[in-house]
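Inspection log for the structure reproduced underneath, given as structure tokens.
The values are calculated or read from the model by the stated rules, or taken from the named source; none is laboratory data. These figures come from a predicted structure and were not determined experimentally. FYI the Cβ positions are ideal-geometry reconstructions off the backbone, even for glycines, and counts take in every protein chain you see.
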Amino acid sequence: MFKKLLFTDKCILNTDTNTVIFDFEEDWKEYTKWSQDNIESEYQIQQDKQAELSWNQGAVHKRGSEDRIFHKSGHIFDYKKYSIGGSLIIHNKYFYNGNVMSTYRKRGYLEIKETYIDNGSKGSSINSKVFTNNGTERKSIKYYPNSNIVQTLIKRLSIEFQIFHDYYDNGVLRAQGMLNMQNKMTGNWSFYSRDKIIESTHTFEKGKLIEKSYLYNQLGEFTKSVYHG
Amino acid sequence: MDKLVSIIIPFASNEGQDIKLPNHPITTSCNIIYNTIQIINNINKVLTFNKEIIIVDNTHSFPDIVMPNLRIVKGWQALDREQIINQPSFEKYNIDDFNNLSMWVSMAYNVGIQHAKGDYIICQHNDVFYHSNLISRMIKDMEINNLEYISADYKKIFLSGYVANKEVLYKHIPSIEFSPEDGGYVKTKAIGFADCYFFLSKKSFYDDYFVDWGYGDTNHGATIKCLDQGKQFLHLGPYYDNPNFKTENSDHDYLYKDSLFITHLKGGFSEDKYAEDKYNENKINRKDIHNFQTRLEKLC
């Protein structure tokens, strides 16, 4: 068995005899024959070499405005990109298998953060996405696991209020209403069934039920109102 | 154990279609029949005590088959309105809305309880798989600890369920905080509701109670009955689908005293997982069907 050396292709390590063979030596023919007869193994030792080079003892690979760090597996672990002014504009993190774990990117004044769930050989699936502006959250989206279907969406409307949407896993709207900045339900709220039929409506003030709630049956027909004072 | 246990399992092949709900998916009968038969086999194999299995056929579409310990009785859902109203026990149940799916599920259990001869009754779904025979131990523990029931799950209190019953619930959870997620629910660990995925009690539990639907789903009133009467009960954890509790996985395995007891396979009666009509293109639903059938085949 052979092992490629890190910084040159002009010699190879024979791991059975623990000797280095140069390309001008007679034994080099033995390696080239092995390489032709064992295409997969040749590919693997090339991959191992690349992984070790990439890992670089855990040190950062700097190239222009980009920084990269690799796992020992050879997969990228951390990626950063800076603007000309030196501020961070992209920061991605990765699972050990190379699947993306989280991303951060800056677009104008907006910062976008995404988190992902590791699905092994199937890659990653998005878990959440948050938009912020100068540290203030403008919009956040939570996704159903292993799909790109939105579960909840919260969007800031003003300095006081944000709108909230909740969805079933079939994409149908489940609930909508307003939250204050302490995430307390406020104003009018509506809830719907999986088949888009109204279930109930309520009014809140700072998380407390006020005025009247209206309840409906599974045909969407009004059944009951409840007074909250 | 010398006591007779009645196991009541509702069945419906097309529950949404039968009550003509708009946009409601149609279920595929053969899948549900097959799965229900597998669940009966599992009960006969694992629960080796004196028992009767009562299938309550709500849509009158379960095959007239013979299996050990099995009785098939007809539920009310497929009857004409007039036939239902003329049932001798109709007045007992306060049926106020014939279009309520939870009501039909609950009524299937109530019809089964009418036919049950056991000292103890288990209400369960037709997608609950037993890993181990812990029922005798549970019944013994219930007698020692004066437990009125043992149930899976510990369901969250939905916002609309709270609103419709707030006078009752306020007694038990005076400090209310709501979350808008999951259709709106009460954020509290103080109370969770019983369900009928698995619900074990004495038959006498139903002397002053019937399986209800008034809190938004089946049998939640069992918990309220016990709270009102100051009686003890036990809910099996972990509490899946209750966001007040964190669960590490989505397998719906329930434990009793650290032993794996049942798995709720989440694909039977009232789950609508077998919809082919409207949900045919829904990949998540198809994946759920596949997962359910794979797990069922593996376990049974």
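Does A:T8 count as in contact with a strand residue (DSSP E or B) (Cβ under 8 Å, 6 or more places away or on another chain) and surrounded by fewer than 13 Cβ atoms within 10 Å (Cβ to Cβ)? It is false that A:T8 is in contact with a strand residue (DSSP E or B) (Cβ under 8 Å, 6 or more places away or on another chain) and surrounded by fewer than 13 Cβ atoms within 10 Å (Cβ to Cβ). Looking at the stretch B:176-187, which of its residues are at the interface with chain A (Cβ under 7 Å from one of its Cβ atoms) and under 23 Å from the mean Cα position of the chain (by Cα)? Once the filter is applied, which keeps residues that are at the interface with chain A (Cβ under 7 Å from one of its Cβ atoms) and under 23 Å from the mean Cα position of the chain (by Cα), the stretch B:176-187 yields B:G183, B:G184.
Conditions (1) surrounded by 15 or more Cβ atoms within 10 Å (Cβ to Cβ); (2) away from chain A (no Cβ under 14 Å); (3) assigned to a helix (DSSP H, G or I); (4) at pLDDT 90 or above, marked per residue:
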site	(1), (2), (3), (4)
B:I84	yes, yes, yes, yes
B:V111	yes, yes, yes, yes
B:I139	yes, yes, yes, yes
B:G161	yes, no, yes, yes
B:P174	no, no, no, no
B:I191	yes, yes, no, yes
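Residues in the stretch A:17-40 that are under 15 Å from A:L5 (Cα atoms) and not polar (S, T, N, Q): A:V20, A:I21, A:F22, A:D23, A:W28, A:Y31. Could you go through the stretch A:53-72 and let me know if any residue there is surrounded by 15 or more Cβ atoms within 10 Å (Cβ to Cβ) and polar (S, T, N, Q). For the stretch A:53-72, residues surrounded by 15 or more Cβ atoms within 10 Å (Cβ to Cβ) and polar (S, T, N, Q): present.
I'm trying to understand the selection: among the residues of the stretch A:132-160, which are farther than 27 Å from A:K206 by Cβ and away from chain B (no Cβ under 11 Å)? Correct list: A:Y143 only. Regarding B:L79, is this residue modelled with pLDDT under 95 and farther than 19 Å from B:Y215 by Cβ? For B:L79, the condition - modelled with pLDDT under 95 and farther than 19 Å from B:Y215 by Cβ - is met.
Table: residues versus (1) at pLDDT 70 or above; (2) within 18 Å of the chain's Cα centre (by Cα); (3) within 26 Å of B:I139 (Cβ to Cβ).
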| residue | (1), (2), (3) |
| --- | --- |
| B:F199 | yes, yes, yes |
| B:F210 | yes, yes, yes |
| B:I224 | yes, yes, yes |
| B:L234 | yes, yes, yes |
| B:G268 | no, yes, yes |
| B:Q293 | no, no, no |
| B:C300 | no, no, yes |
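Return yes or no: is A:L13 on the phi < 0 side of the Ramachandran plot and touching a residue at least 12 places away in the same chain (Cβ under 8 Å)? For A:L13, the condition - on the phi < 0 side of the Ramachandran plot and touching a residue at least 12 places away in the same chain (Cβ under 8 Å) - is not met.
Taken together, B:Y209, B:Y197 contain a single residue that is touching a helix residue (DSSP H, G or I) at 6+ places or on another chain (Cβ under 7 Å) and either more than 14 Å from every other protein chain (Cβ to nearest Cβ) or without any contact (Cβ under 8 Å) to a residue 12 or more places away in the chain (or both), which is B:Y209.
Yes or no, residue by residue, for (1) among the charged types (D, E, K, R); (2) exposed (fewer than 15 other Cβ atoms within 10 Å of the Cβ):
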position	(1), (2)
A:E111	yes, no
A:G120	no, yes
A:S125	no, no
A:V130	no, no
A:S140	no, no
A:Y144	no, no
A:I154	no, no
A:L157	no, yes
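A:I163 fulfils the conditions (1) more than 12 Å from every other protein chain (Cβ to nearest Cβ); (2) of a type in the set (A, V, I, L, M); (3) closer than 25 Å to B:S160 by Cβ except for a single criterion, (1). State yes or no: is B:I33 surrounded by 14 or more Cβ atoms within 10 Å (Cβ to Cβ), in a helix (DSSP H, G or I) and touching a Ser or Thr at 6+ places or on another chain (Cβ under 8 Å)? So B:I33 fits the description; yes. Of all residues in the stretch A:74-96, those satisfying the criterion of being more than 22 Å from A:E137 (Cβ to Cβ) and surrounded by 14 or more Cβ atoms within 10 Å (Cβ to Cβ) are A:G74, A:H75, A:I76, A:F77, A:D78, A:Y79, A:K80, A:K81, A:Y82, A:Y94, A:F95.
Here the stretch A:210-221 is the region considered, the condition is being assigned to a strand (DSSP E or B) and more than 7 Å from chain B (Cβ to nearest Cβ), and the residue that is modelled with the lowest pLDDT is A:Y216. Contact annotation: residue pairs with Cβ atoms under 7 Å, 6 or more positions apart or on different chains, pairing a residue in the stretch A:30-45 that is under 18 Å from A:C11 (Cβ atoms) and assigned by TED's automatic domain parsing to the domain that holds A:T19 with a partner that is assigned to a helix (DSSP H, G or I) and of a type in the set (D, E), are A:S35/A:E42.
Here is a yes/no grid of residues against (1) within 14 Å of chain A (Cβ to nearest Cβ); (2) closer than 24 Å to B:D251 by Cα; (3) not aliphatic (A, V, I, L, M):
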site: B:C123; (1), (2), (3): no, yes, yes
site: B:N133; (1), (2), (3): no, yes, yes
site: B:E143; (1), (2), (3): no, no, yes
site: B:D153; (1), (2), (3): no, yes, yes
site: B:Y170; (1), (2), (3): yes, no, yes
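For the stretch B:118-137, the set of residues classified as part of a loop (DSSP other than H, G, I, E, B), modelled with pLDDT of 95 or more and among the charged types (D, E, K, R) consists of B:D119 only.
The set of residues from the stretch A:167-197 being at the interface with chain B (Cβ under 7 Å from one of its Cβ atoms), touching a Lys or Arg at 6+ places or on another chain (Cβ under 9 Å), within 22 Å of A:L219 (Cβ to Cβ) and not aromatic (F, W, Y) comprises A:N170, A:R174, A:D195. Kindly evaluate A:K129 against the criterion of being more than 12 Å from chain B (Cβ to nearest Cβ) and modelled with pLDDT of 95 or more. So A:K129 passes the test. If the condition is being farther than 13 Å from A:K184 by Cα, in contact (Cβ under 8 Å) with a residue 12 or more places away in the chain and of a type in the set (A, V, I, L, M), then the stretch B:163-188 contributes B:A164, B:V168, B:L169, B:I173.
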